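Take a look at the structure below.
The values are calculated or read from the model by the stated rules, or taken from the named source; none is laboratory data. All figures in this text were calculated on a predicted structure; none of them were measured in a lab. Here the Cβ positions follow ideal geometry from the backbone for every residue, glycine too, while neighbour counts run over all protein chains shown. The area values use the complete protein model at the heavy-atom level, side chains included, leaving out ligands, DNA and RNA. Shrake-Rupley method; radii C 1.70, N 1.55, O 1.52, S 1.80 Å.
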Amino acid sequence: MSGLDELYKEVILDHYRSPRNRGKLEPSDFDLHRDNPLCGDEVHLYGHIEDGKLVGVAFEGKGCSISQASTSMMTERVKGVNLDNAEELAHLFKRLMQGESLADDERLGDLAALQGVQKYPVRIKCALLGWNTLLEGLKAYKEKHEG
Amino acid sequence: MDAREVRKDFPILDQEVNGKPLSYLDNAATSQKPRQVIDELKRFFEEDNANVHRSVHTLGERATVLYEGARAKVAEFIGAPSPRGIIFTKSATEGLNLLAYAWARHRLSEGDEIITTEMEHHSNIVSWQLACRDTGATLRAIPVRDGATLDLDAYERMLSNRTRIVTVGHVSNVLGTINPIADIAEKAHDAGAIVVCDGAQAAPHLPVDVGALGCDFYVGTGHKMCAPTGIGFLWGREALLEDMEPFHGGGDMISDVWIDHSTWNEIPYKFEAGTPPVADAIALGTAIDYLNAIGMKAIREHEIELTRYALERLREVPEIQIYGPTDPELKGGVVSFNLGDIHAHDVGTIVDSWGVAIRAGHHCSKPLMRKLGIAASARASFYLYNVEEEVDRLVEALGDVTRLMGGRS
């Protein structure tokens, strides 16, 4: 049972049962719907940006506990963070999922709890869905405002 | 038959997974292999291995006799009149694609229609979609009624002189529904269409007689019926096969070759280009011997009883939603379900920690998932070696799923 306990840590289940920043966000500067076609996880992510900071972030979605908890934890972590740091966090989280031992990296905070997903390769894309959506949203925003 | 005795023939079942005895309930994805099949693969490579239909030496003769023997076993197994109508493929999927290429693409044009169903595996949808794209024909689907059976009234209304192919799964891989192929075939023939039946989930589990089914083509796959992966079969009416263009070009499928043209070998060889998976085909023959020795009728009865038990036990689980027919006599040994709004992947991962292997996902049947209004489901599927204790372990593990995942706000 130890593998399972590592995957379904209490903090992850807490975010799954009581997702943070859930709902629509208005106004928003990006608003993207993405899914994992193979398993049916869905995330609709909203971001509101002011002075180069992600001042508001919210999501709607359905899917497995890992996809929804990871997205909920992400919204908590990136809210109020400037765009470059948010992007950096997303890349850091991707490295965590790719198997790097980053659990002690303070920048990850609670997100380090998702390290257990490393052992379940099929579930990694679930954990990444929200983050990939965020990266897309940030990219689209930057292209629109800097391009 | 005694499933407890049967289990002893399957070495893989005798192991612990995550500290619990393995309960393998993912047979609709692939079956396990009995020692007899594993031994025959080893024996063939150690004693008889050679290419078929080419070599005049002794090993070549032995391999050819065994390979053709396996073809005859497949023919007898599904009630085909002669081995000439049996084409070895790599899978049921390849069988469907062969028909989409070698039959549909040469005969269909704009205005023609192919009828499939909403409960098909993607292979029995996408293969025809591609043929439609190339020919201008239209693909239609018989709707699923009440989440369980095909709407045959709608089917009758869909049939017309434009209908060229009707292609239906014998047993649904998600709902377990056994479709009324004979009835569907009769109506299709009256409309002048040919009938394709996808037997991937049927041939391993119940007696099949293509004559009684009345279809024109029947596809199946070995790995779901105790044989290795990479070997499947297509049966077709010989007159139709004779009339078809080849599928793949290459060795063995030709009669003679010039630089500017070729002539074709006789059936079934016309459709078997290149060196086939000889050992796997022979092992399919061994798997058929194995299934016949137990008896397909006995296997079917065992699965009905186990499915009846599973449906009863699963109905006790709070918040469970079970899909498909509720009468085990009307379905194969497949039970798909969801637990409240808990995603099937969480269900699959948690029951795995109890040693229980089930499938979780859309089962390559996205149109059906959409029709059922779900993104995915969990699925337990049974075979001749499964026993009631494995169902009990699944039910116990599902309690753990609710405990871990339940109580969402």
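Brief remarks on what is shown
- Estimated FRET transfer efficiency when R0 is 35 angstrom, pair A:N82-B:K366 (beta carbons, to 0.05): 0.30
- Tensor-based shape of the range B:37-292 (alpha-carbon gyration tensor, a/c under 1.5 rounded, otherwise prolate or oblate): oblate
- For chain A, built as a Gaussian network whose Cα springs stay under 10 Å, the top-fluctuating residue of A:G40, A:G23, A:G63: A:G40
- The mean sequence distance of close C-alpha pairs (under 8 Å, at least 6 residues apart), as a share of the length of the range B:37-292, puts its relative contact order at 25 percent.
- The length gained on full extension between B:H189 and B:H57, counted as 0.36 nm times the residue separation minus their Cα-Cα distance, comes to 42.8 nm.
- Distance between the C-alpha centres of the range B:195-218 and the range B:1-47: 25 Å, rounded to the whole angstrom.
- For the range A:89-147 versus the range B:345-409, the inter-centroid distance based on Cα atoms is 28 Å.
- From the C-alpha gyration tensor of the protein assembly as shown, square roots of 5λ in Å: 46, 28, 24
- Averaged over the residues of A:66-73, the number of partner chain Cβ atoms lying within 10 Å of the residue Cβ comes to 1.
- With all protein chains modelled, accessible area of B:S255 [1.4 Å, Å²]: 80 Å²
- Label point 7 Å beyond Cα of B:D153 along Cβ direction - residues of the range B:308-348 with amide nitrogen under 20 Å: B:325
- Rolled with a 1.4 Å probe across the full set of protein chains, the surface gives A:E50 an accessible area near 100 Å².
- Stretching the chain fully between B:R315 and B:Q15 yields a gain of 105.1 nm (0.36 nm per residue, less the alpha carbon separation).
- Estimated distance in nm for a label pair at B:R403 and A:E26, the labels positioned 7 Å out from Cα along Cα-to-Cβ: 4.5 nm
- Ordering B:T402, B:P143, B:V52 by the projection of their Cα atoms onto the charge dipole of the protein assembly as shown, which places +1 on the Cβ of Lys and Arg and -1 on the Cβ of Asp and Glu, puts B:T402 at the extreme positive end.
- Look at the stretch A:117-123: the mean tally of other chain Cβ atoms within 10 Å of its residues' Cβ atoms is 2.
- Nearest-0.05 FRET efficiency for B:E329 and B:S82, computed from C-beta distance (R0 41 Å): 0.80
- Under the span-like rule (Cα at least 15 Å along the axis, Kyte-Doolittle mean at least -0.5), DSSP H helices of chain B: B:58-77, B:123-135, B:278-294, B:388-405
- Calculated FRET value between B:H261 and B:H106, using beta carbons and R₀ = 30 Å, to 0.05: 0.95
- Each of A:K79, B:K331, B:K90 has its accessible area taken with a 1.4 Å probe; listed largest first, they run B:K90, A:K79, B:K331.
- Lacking any other cysteine beta-carbon closer than 4.7 Å, the following Cys residues of the protein assembly as shown have no compatible partner: A:C39, A:C64, A:C126, B:C132, B:C226, B:C364.
- The label-point distance for A:K142 and B:K8, in a model that sets each label 7 Å from Cα toward Cβ, rounds to 6.6 nm.
- Mean Cβ neighbour count within 10 Å, used as a protection proxy, ranking A:122-130, A:102-110 highest first: A:122-130, A:102-110
- Comparing mean-square fluctuations of B:V144, B:V210, B:V166 from a GNM of chain B with C-alpha springs under 10 Å, the top value falls on B:V144.
- Take each residue of peptide B:341-351, count the partner chain Cβ atoms within 10 Å of its Cβ, and average: the result is 6.
- Our Cα-only numbers for the range A:31-133 put the radius of gyration and Dmax at 12.9, 39 Å.
- Highest-MSF residue in chain B out of B:G399, B:G222, B:G199 [GNM, Cα springs under 10 Å]: B:G399
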